[in-house]
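So the structure is just underneath, and the comments pick up after that.
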Amino acid sequence: MRSYAPVLRVVGLLLMFLSAGFVPPLVFALASNDGGAVPFLISLVTVALIGALLYVPLRTNRRELRVADGFLVVVACWGAVALAGALPLYLVLDIGLADAVFESTSGITTTGATVLSGLDDMPISILWYRQQLQWMGGLGIIVLAVAILPMLRIGGMEIYKAEVTGPVKENRLTPRIAETAKALWLIYIGLTLVCTLALWAAGMTFFDAITHAFTTISTAGFSTHDASVAEFDSALIEWLLVLFMFVASMNFALHFLALRRATAQVYFNDPELKLFGILLLGISILITVLLWRQGVYGDVWESLRYAVFHAVSYTTTTGFTTADVYLWPGTLPLLMILISGLGGCAGSTTGGFKIVRVYLVSKQGLRELKRLIHPRSVVPLKFGSRTLKPEVANAVWGFVSLYIVCIVILTLIVSSLEEDLVTSVSVVFSAMNNLGPALGEAGANWGGLTDATKWLMSFAMLLGRLEIFTVLVLLTPTYWKH
């Protein structure tokens, strides 16, 4: 008989930890008297109490988590945080439960899709809370991607086992996860502080600087203004955001190794990062040419400014905007949505397919072409100078298959709920890739979608964020057999 006590204990502990996250917005609410103090206090007490009820009775249970428990722990924790995070939004704002859960899920998964409008007049406590929620989600993603998912053997980060010390090389959950997690936290916090100071020096208020640093380093995309980054109308701020979005979309294991070895050579030696840079350069040039030739902006330099910013923002699935991309002419809006499927590097805060999978799928395609020409040849699959095991390639192909199947199924369902096909396709793609911006009726805001679509897209955001396998494995009968 399987015991779920260790899982419930972890969820309870996480909820108690999350309740502390309500303290900063509570302080803002008290200082500004914006009406959010009581709702945030209620949320703090409620979430802490639920967490204690789950944790305290099981605190003496010493059974360690097994690898199979890892899937349930990850999904249960993220689901619980998304629901708990919706509580203050539901209590403070005049929105329904579907909207509150959607906004919370969008925040914690660093998607950045929003159903809210009038942000410039919104209580400061809520503005801070939304940004903080994404920052916490981004931190959780880093630990999840680098310290936990490799042990669940679902593809992607396994290729870094030979390079990264600590639990990434382990096949079971061990206390060494705490060591790696601590190092990742310090890197993440350090980047956030540097980004904050840079944006502040560039002309943002300190509040805007720190809240936009939260969503830049987490490649999330929420803003404290309806106009997003366009509110600041500053080329300097935009180029700084481009830099930090790129840094945050790198594999955090590389940041860890660079600091540990005190050398930047690890960045130049990484084939995934090289491909990512080449793709960003190519996409930026293509969008610049299209914007310039179609006369969207006055000259090539202005076109370059908007092209580079949105190329990086969309490819890294951050979702910041300085223009109404969904109103751009021709195929540009569709192109922007499609490039979000690339995502950033594995082990980063980005969503999407991940560059390492693009790299491996491309390499496998070329390998099959060589085999057609030389049927008896043995062509190993390599990542840089390392030969990969067959199970890594199988995991990547499995991810590709499930990714396509999920996109198709979700699109078919949403198209039955929404009248516009462009809207249906774009919201599914945006949610699965944790992008945020969409097209059609969701171009300006997701608030006009049906509640059924919002619930489904909340699930899609979690599905994409947790690498698909982690969620879908729980839907198989085999997992639940004792």
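Quick look at the numbers
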| read-out | value |
| --- | --- |
| The range 371-388 - residue that is surrounded by 12 or more Cβ atoms within 10 Å (Cβ to Cβ) and at negative phi and, of those, nearest to the chain's Cα centre (by Cα) | Phe383 |
| Criterion: touching a residue at least 24 places away in the same chain (Cβ under 8 Å) and within 20 Å of Phe244 (Cα to Cα) - qualifying residue of Ala323, Ala307 | Ala323 |
| Options Asn445, Asn434, Asn394; residue that is over 25 Å from Ala100 (Cα atoms) and either out of contact with any strand residue (DSSP E or B) (no Cβ under 9 Å at 6 or more places or on another chain) or touching a residue at least 40 places away in the same chain (Cβ under 8 Å) (or both) | Asn394 |
| Leu410 vs. criteria under 20 Å from the mean Cα position of the chain (by Cα), crowded, with 18+ Cβ neighbours inside 10 Å, in a helix (DSSP H, G or I) and free of Cβ contacts under 8 Å to residues at least 60 places away in the same chain | yes |
| Tabulated pairs, the range 469-482, first over 10 Å from Val74 (Cβ atoms), second at pLDDT below 80 and β-branched (Val, Ile, Thr), C-beta under 7 angstrom, 6+ apart or interchain | Phe469/Ile154 |
| Those residues of the range 244-278 which are over 16 Å from Ala183 (Cα atoms), hydrophobic (A, V, I, L, M, F, W, C) and out of contact with any helix residue (DSSP H, G or I) (no Cβ under 7 Å at 6 or more places or on another chain), in sequence order | Phe268, Ile278 |
| Count of the range 413-443 residues which are part of a loop (DSSP other than H, G, I, E, B) and crowded, with 16+ Cβ neighbours inside 10 Å | 9 |
| Flag for Tyr267 being surrounded by 14 or more Cβ atoms within 10 Å (Cβ to Cβ), outside any helix (DSSP H, G or I), modelled with pLDDT under 95 and aromatic (Phe, Trp, Tyr) | no |
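The values are calculated or read from the model by the stated rules, or taken from the named source; none is laboratory data. Being a predicted model, the structure only gives us computed values, none of them experimental. Note: ideal-geometry Cβ built from the backbone for every residue, glycine included; neighbour counts use all protein chains shown.
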